[in-house]
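The values are calculated or read from the model by the stated rules, or taken from the named source; none is laboratory data. As the structure is a computational prediction, the values presented were derived from the model and not from experiment. Here Cβ is always computed from backbone atoms with ideal geometry, including for glycine, and neighbour counts include all displayed protein chains.
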Amino acid sequence: MKTRIISAIVLIAIFVPLIIIGGIPFSITVGIVSALAFKEVIDLRKKEKDLPSLIKVVGIGCLLLLIFLSHNDYLLNLGLSYKALGLISLTLLIPTIFFKDTNRYTTKDAFYLMGWTLVLGIFFNSLIVLVNYNVLYLVFLLLITTLNDAFALIFGKLIGKHKLIPSVSPNKTWEGSICGCIVGTFVAVMFYINILNPQVGILKIILVVLLLSVMGQIGDLVFSKIKREAKIKDFSNMIPGHGGVLDRFDSLIFVVITYLIIFIYQSFFSFVFYTILNYLLII
C-alpha cells in the first residue's frame, strides 16, 4: 500500500502540471505514454509468439501517426482521418507476405495490432483534443473514473455480498459497483453544473454521467477479461503498486471515447432523450 501511495503522489506531481500546461509538452508526454501502452499490448503476445522487432517499431509508429496527424481531418468527428487509418491498415498488412516463416507475422497478428492501434489511437488523440479544448472536461472525466473505482472498492469491502461477474473479476460486487456509480455520479454532476456548464439540464447530465460511470466499470471488466485470458495479473510492472499503463487507463479509455461520442452527437442524443421523456410524460 505504501508503494502504491508513493507512486500515486509521484504520478500526480508529474502529470498534473503537464495537463495544466497542455500544448507541446503534454502532447509529447501523451506520445511517450501511448508508446509504453502499445509495448504492453505487444508483450501480451509473447506467450504465443514474439513479434519481429521491425513490426513492433512499425506498430508504434502507426499509433503515433494516428494520434498526431489526425487533429484536423475527422473520421466520425473523433479526430481520426480516413487517410491515416488507410495508411496504417496497409502498413501493418503488407509486411505479412514478406516473412519466409509464414507464422512469424501473420494477418491475424496484423489485425490484432490494427485493433489496438485504433482503440489506443482514439483514446490518446482524444486526451489531446480534450486538454486543448478545455482541460476541465478531462478533470470531469477523471472524477468519474477515479471516484467510481475508489468507492466501488471501499463499499465492496464494507457491504459487498453479491459478486458482479466472478469469472472475470472475482473481487467486484454489485453493491460496490452501484455505490461507486452513485458517489461518482453525484460528485461529477456537481462539478459539471457548478463549474463547466451551469445552464445544462440537471436530468440530462445525470443520465450522461450515469452512462459514463457504467461504461467505466465495463471498461475495467473488459480489460480484466483481457488479462485473465492472457493469464497475467497486470499488463506490466511499470508503475510500482499500480501495474502498467493500461491498468491505469482501462476505465478511462471507455469513458473518454463514450463521452466524445455523446458530445459530438449531442443533438441526436438530445432528440432521443427528449423523445423518450415526452413519451413517459404522456403515459
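Residues that are under 22 Å from the mean Cα position of the chain (by Cα), assigned to a helix (DSSP H, G or I) and in contact (Cβ under 8 Å) with a residue 40 or more places away in the chain occur at least once in region 164-178. Scanning region 180-195 for residues that are within 22 Å of the chain's Cα centre (by Cα) and farther than 19 Å from residue 224 by Cβ returns 182, 183, 185, 186, 187, 188, 189, 191, 192.
Determine whether region 115-124 contains at least one residue that is touching a strand residue (DSSP E or B) at 6+ places or on another chain (Cβ under 9 Å), part of a helix (DSSP H, G or I) and over 15 Å from residue 220 (Cα atoms). Talk me through it step by step, then tell me what you get.
Looking only at region 115-124, we keep the residues that are touching a strand residue (DSSP E or B) at 6+ places or on another chain (Cβ under 9 Å), and these are none.
No, that holds for no residue.
Evaluating residue 240 against the criteria (1) out of contact with any strand residue (DSSP E or B) (no Cβ under 7 Å at 6 or more places or on another chain); (2) at pLDDT 90 or above; (3) more than 16 Å from residue 33 (Cβ to Cβ) leaves one unmet condition, (2). Return yes or no: is residue 56 modelled with pLDDT under 90 and either outside any helix (DSSP H, G or I) or surrounded by 12 or more Cβ atoms within 10 Å (Cβ to Cβ) (or both)? For residue 56, the condition - modelled with pLDDT under 90 and either outside any helix (DSSP H, G or I) or surrounded by 12 or more Cβ atoms within 10 Å (Cβ to Cβ) (or both) - is not met. The single condition from (1) at pLDDT 90 or above; (2) exposed (fewer than 15 other Cβ atoms within 10 Å of the Cβ); (3) more than 30 Å from residue 47 (Cα to Cα) that residue 229 fails is (3). When region 1-23 is filtered for residues that are loosely packed, with under 10 Cβ neighbours inside 10 Å and either basic (Lys, Arg) or under 15 Å from residue 132 (Cα atoms) (or both), only 2 remains. Residues considered: 123, 99, 68. Of these, the only one that is under 30 Å from residue 179 (Cα atoms), not assigned by TED's automatic domain parsing to the domain that holds residue 261 and not hydroxyl-bearing (Ser, Thr, Tyr) is 123.
For every residue, the table says whether it meets (1) over 19 Å from residue 28 (Cα atoms); (2) modelled with pLDDT of 95 or more; (3) touching a His at 6+ places or on another chain (Cβ under 6 Å).
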{"position": "87", "(1), (2), (3)": "yes, no, no"}
{"position": "98", "(1), (2), (3)": "yes, no, no"}
{"position": "103", "(1), (2), (3)": "yes, no, no"}
{"position": "113", "(1), (2), (3)": "yes, yes, no"}
{"position": "116", "(1), (2), (3)": "yes, yes, no"}
{"position": "122", "(1), (2), (3)": "no, no, no"}
{"position": "132", "(1), (2), (3)": "no, no, no"}
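For residue 98, the stated conditions do not hold, so it cannot be described as surrounded by fewer than 22 Cβ atoms within 10 Å (Cβ to Cβ) and touching a Phe, Trp or Tyr at 6+ places or on another chain (Cβ under 8 Å).
Considering only residues of region 3-52 that are of a type in the set (Lys, Arg) and assigned to a helix (DSSP H, G or I), which is farthest from residue 101 (Cα to Cα)? Applying the filter and picking the extreme gives 4.
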